[in-house]
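Please treat every number below as a calculation from the coordinates, not as lab data. As the structure is a computational prediction, the values presented were derived from the model and not from experiment. Neighbour counts are summed over all protein chains in view; Cβ atoms, including those assigned to glycine, are modelled from backbone coordinates with ideal geometry.
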Amino acid sequence: MSDALRNWAGNIAFGASSLARPKSIEELQDIVSQADKVRTLGSGHSFNRIADTGGTIISLSQLERTIRIDAVANTVTVDGGATYADVAPKLHQAGYALRNVASLPNITIAGAVVTATHGSGDANQNLAAAVAAIKIVGPTGEITAMRRGEPDFDGAVVNLGALGILSELTLDLVPAFDVRQNVYLDLPVLTLVDNFHELMGRAYSVSVFTRWQGTHADMVWVKSLDGAGTPADEILGARAATGPSHPIPGMDGSVCTGQMGLVGPWHERLFHFAIGNTASAGAELQSELFVARADAPAAIAALHAAQDQFSPALFISEIRSVAADQLWLSSAYQQDTIGFHFTWKPEWETTIAAVKAVEAALAPFAPRAHWAKVFTLPAADVRSRYPRLADFRALANRVDPNGKFRNDFVTALLFD
Ligand SMILES: Cc1cc2nc3c(=O)[nH]c(=O)nc-3n(C[C@H](O)[C@H](O)[C@H](O)COP(=O)(O)OP(=O)(O)OC[C@H]3O[C@@H](n4cnc5c(N)ncnc54)[C@H](O)[C@@H]3O)c2cc1C
């Protein structure tokens, strides 16, 4: 195969011997049954080799889009290639919403779910926690259906693509709701440390953006449910922005969802980047570590003390809150969690040095790493943070005994 196939960021050239784009589930089943090694490629927004294989990469982008609402169960069933941008506006038109979303809409729902992608909000769980049922194509091409509550379901959702190909996902819905978004500038870091839990708990979704420079965090993005009161003029000394902001200071805020307190539908406020617009910097790398929510103030103080070691490599960092869930390989497994995300300038060597400095600063808090982003934590450390890992391995060995869906990344991290 030509070496032109790369991830969104361009830092990974996939080593696949072939790329398949089935147009139907039957074609997908045939391709899987005949291949030796298979990985699925979503929209390619991961920053490491999680989607790579030397065998066949299968993209579901040419499957017919399925968006099937069940008004009795309050769920929607989507195909394995659908993106949030495909689905969210249609849900809204029908009077429904997803409880939460990530920063950008153009990732596939399947790719987000299997990597435990998340948004923010003390009461909002990872996006995978909204999955009520899945259909998964196994190594012989057979399709297995699994529902929440069944044995092993909690191990099968966040699966790093290692159990098979999600051909359908059914997600919980809530009634459509409206949100207002306000951005506040220049929050003193010491104030952030002292008031962290109060700050993160003050709205439906709160993000703190900082370049880890000097004494102030750059921005607080507050997404409040409409009707939750009048937006504050200032928050803990941070003043209200007077124009649209972008997560990366200096970039054009008009590509983002509506701010300045203007009330709008959930899918036009909860993503940071508006549907149809370019997300983030483009040429960038990302990493993210998760610590227990209770440890977050100490973790912020530790990063602040070490900031000179990594801030020159940064575009921006984001601090978000995720509620605990029961999914075995979730970054928030049985733990209310805070994510420390970093968007790095696209220089590999300096990024790796900076990632290591962040990992060292957060080591006392036994962090979990985002499966889809850059990290250098030893496999032993990664494994030690997932109490149900042995059960996941047993599940994978049962459904895929020859490891058709495993790649070097997953094997070295979880199986060797
Ligand atoms: C600009 C940007 C913003 C981001 N914002 C956030 C954020 O707000 N929160 C967050 O947590 N993460 C965020 N991420 C990370 C992103 O959510 C993950 O990389 C996610 O996996 C991307 O989905 P994808 O469709 O691109 O998956 P890919 O990168 O294509 O694949 C990821 C994994 O999913 C597997 N996979 C894909 N489809 C299927 C399927 N149908 N069945 C089985 N396995 C499948 C692949 O094999 C691979 O293992 C961001 C990334 C970028 C580039």
Original post:
Arranged from highest to lowest average of other beta-carbon atoms within 10 Å per residue, in what order do the peptides 123-134, 185-196 appear?
Top reply: 123-134, 185-196
Subject >> Residue-averaged 222 nm ellipticity for the chain, from DSSP H runs of 4+ at -39500 (n - 2.57), nearest 500 >> reply: -5500 deg cm²/dmol
**OP:** Express in whole angstrom the spacing between the alpha-carbon centres of region 237-295 and region 348-416.
**Re:** 28 Å
**OP:** Can you give me the span-like helices of the chain, meaning DSSP H runs with 20 Å or more of Cα extent along the axis and Kyte-Doolittle mean at or above -0.5?
**Re:** 348-362
Original post:
Each residue of region 313-320 in order: what ³J(HN,Hα) in whole Hz does its phi give by Karplus 6.51 cos²θ - 1.76 cosθ + 1.60, θ = phi - 60°, with x for Gly and Pro?
Top reply: 8, 8, 7, 6, 10, 10, 10, 9
